[in-house]
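The values are calculated or read from the model by the stated rules, or taken from the named source; none is laboratory data. As the structure is a computational prediction, the values presented were derived from the model and not from experiment. Here the Cβ positions follow ideal geometry from the backbone for every residue, glycine too, while neighbour counts run over all protein chains shown. Calculation scope for accessible area: heavy atoms of the full protein, side chains included, ligands and nucleic acids excluded. Shrake-Rupley method; radii C 1.70, N 1.55, O 1.52, S 1.80 Å.
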Amino acid sequence: MLIPPRYSEGLTEEMFITITNREDKTGGKEESFLDNRFRIVSRSGLNVTEIQIIEALQDLSSPKRILFLENRTGVSGMVANCLYPEAEITIHCLDLYYANKIRRNLTKNSVSPVTVYCKPYVEQKEGYDVIFLQLSRGGATKELVMDFIQQIHQALQPGGKCFFSLEGNDPWLQHQIKRVFGGFSFFSRSNTGYGIASGKKEKLKRVRNYEASFTMTIFRKKPIQLLTIPGVFSHREIDQGALALAEIVVGESQIHDAVLDMGCGCGAIGISIAVNQNVNKVCFVDSNSRALFITEKNCKRNGLEHYEVLLRDTGIEQEQEFTLFTGNPPYFTHYKISELFVSTAYKALKPGGRAYIVAKTAAWHHAYMKTLFGNAERFKRRGYEIIKSFK
């Protein structure tokens with residue numbers, strides 16, 4: 001394993017930056033950048049979007065405040081800290097999972113001056129003179145990209161520069177950047193990615209609002225009013241899986257239930273339960289800062305009083321505190337997140353508590369919940385399956 005030298009030594013020697021994932025503690029692919037001044041060791045190599053940013057970093061002119069958006073390794077921030085030790089370096093993440101991953105990488109490489117925060121929006125003080133946005137193919141919806149571009153413009157100081165590092169070629173994105181910034185130039189182009197640079201010339205004449213408002217209805221139950229924003233699962237409409245889960249759990253909720261809504265998204269399921277049943281409390285958990293931001297708005301919008309929101313990426317600490325658990329885990333990552341949901345449910349529920357999980361394909365969930373809880377049953381609804389277990 002390569003250990004980085006002290007950054008105070010300057011750039012007279014090669015800088016080693018090592019990234020390790022939880023699954024791989026031994027390092028892997030080694031890459032060199034900026035005339036071999038930086039050697040990066042990572043599991044499978046850096047994404048082209050980060051490589052383009054590293055190459056662009058060396059051409060900055062005495063930056064004072066640098067912001068990185070959608071970076072998932074922390075490498076760009078480490079390189080920036082080496083090149084510009086007097087600059088304030090910040091990495092912004094929407095999801096706590098990536099924020100914590102970056103913090104581990106910074107600690108591993110003894111980089112303390114770089115700040116990482118997980119918040120729903122970029123600080124809007126026109127205080128940054130350089131902002132980088134890293135976008136992998138399929139990594140963000142079009143509305144979230146438009147939202148990012150607008151936030152970047154507002155966060156830049158007059159005359160500030162932004163760099164958009166992109167995977168592939170997307171004329172639509174070029175149009176959006178030109179619409180907001182008035183123009184752009186290319187700073188990198190290859191078969192796998194390209195980079196666009198723009199500068200802030202004036203304030204926006206129109207600031208768009210990307211919130212959406214709609215009503216969620218369940219047959220013979222009180223409807224709820226919901227807001228959503230880009231970056232939150234199922235923006236502008238309720239997901240059919242979430243609706244299917246809500247239809248089951250609202251009908252089976254009990255008076256004085258203590259509810260844990262994990263992976264809450266906009267809060268639709270927990271709020272539906274609380275509006276239609278006299279529960280003691282609802283706890284909303286998500287790793288996405290925007291999800292909790294909008295969930296809290298929706299709780300207030302629907303008159304909830306006894307609730308809490310927790311930003312977590314590893315479950316919760318409370319044991320045997322809840323009587324009802326609901327979860328709508330994402331359908332990727334080879335069931336690792338689903339396993340976290342189910343194990344959290346088992347730990348958090350009191351004896352007699354009920355756990356409900358929704359999935360498109362429920363065979364794995366049914367088997368795992370039956371193993372952990374000793375029982376599990378399945379219901380089909382709206383093209384999804386609900387798995388229910390008792391503790």
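Here are some notes:
- Where only alpha carbons of segment 130-223 are counted, the Rg and the Dmax (Å): 16.7, 58
- Computed over segment 151-202, the quotient of the alpha carbon radius of gyration and 2.2 N^0.38 Å is 1.11.
- Whole-angstrom gap from segment 54-81 to segment 120-144, using each part's C-alpha centre: 14
- Of all accessible heavy-atom area on the chain, the percent that carbon and sulfur account for (1.4 Å): 48
- Dimensions of the chain along the principal axes, based on C-alpha atoms and rounded to the nearest Å, stand at 66, 51, 36, largest first.
- Accessible-area ranking of PHE16, PHE181, largest first, probe 1.4 Å: PHE16, PHE181
- Pairs of Cα atoms nearer than 8 Å and 6+ residues apart set the relative contact order; for segment 57-121 it is 35 percent.
- Under 5 Å between amide hydrogens, built in the peptide plane, is the criterion, and for VAL309 it picks out PHE284 among residues at least 5 positions away or on other chains.
- The chain - percent relative contact order, Cα under 8 Å, separation 6 or more: 10
- Counted by Cβ distance under 14 Å from GLU247, the other residues give a net charge of +4, where Lys and Arg count +1 and Asp and Glu count -1.
- Among the GluC sites (Glu not before Pro) found in segment 103-199, those both in a DSSP coil and sparsely packed, with 16 or fewer other Cβ atoms within 10 Å of their Cβ, are GLU123, GLU126.
- A 1.4 Å probe run over the chain, with the rest of the protein chains in place, finds 46 Å² accessible per residue.
- Computed lengthening from LYS380 to GLU211, 0.36 nm per intervening residue step minus Cα-Cα distance: 57.6 nm
- If the segment from GLU308 to GLN157 were pulled out straight at 0.36 nm per residue, it would be longer than the present Cα-Cα gap by 50.8 nm.
- Annotation for segment 192-271: chymotrypsin sites (Phe, Trp or Tyr not before Pro) lying in DSSP loop with at most 12 further Cβ atoms inside 10 Å of their Cβ are PHE219.
- A crude spin-label estimate for the pair SER112 and GLN318, with each label 7 Å from Cα along the Cβ direction, gives 3.6 nm.
- Per-peptide average of other Cβ atoms within 10 Å, ordering 268-278, 60-70, 311-321 highest first: 268-278, 60-70, 311-321
- The fraction of all Cα pairs in segment 203-317 landing in successive 10 Å bins from 0 to the largest distance is 14, 48, 30, 6, 2, 0, given as whole percents.
- Accessible surface of THR215 - all protein chains present, 1.4 Å probe, nearest 10 Å²: 70
- List HIS334, HIS365, HIS175, ordered by accessible area with a 1.4 Å probe, largest first: HIS334, HIS175, HIS365
- Rounded to the nearest 0.05, the FRET efficiency derived from the C-beta distance between SER234 and SER185 at R0 = 45 Å is 0.80.
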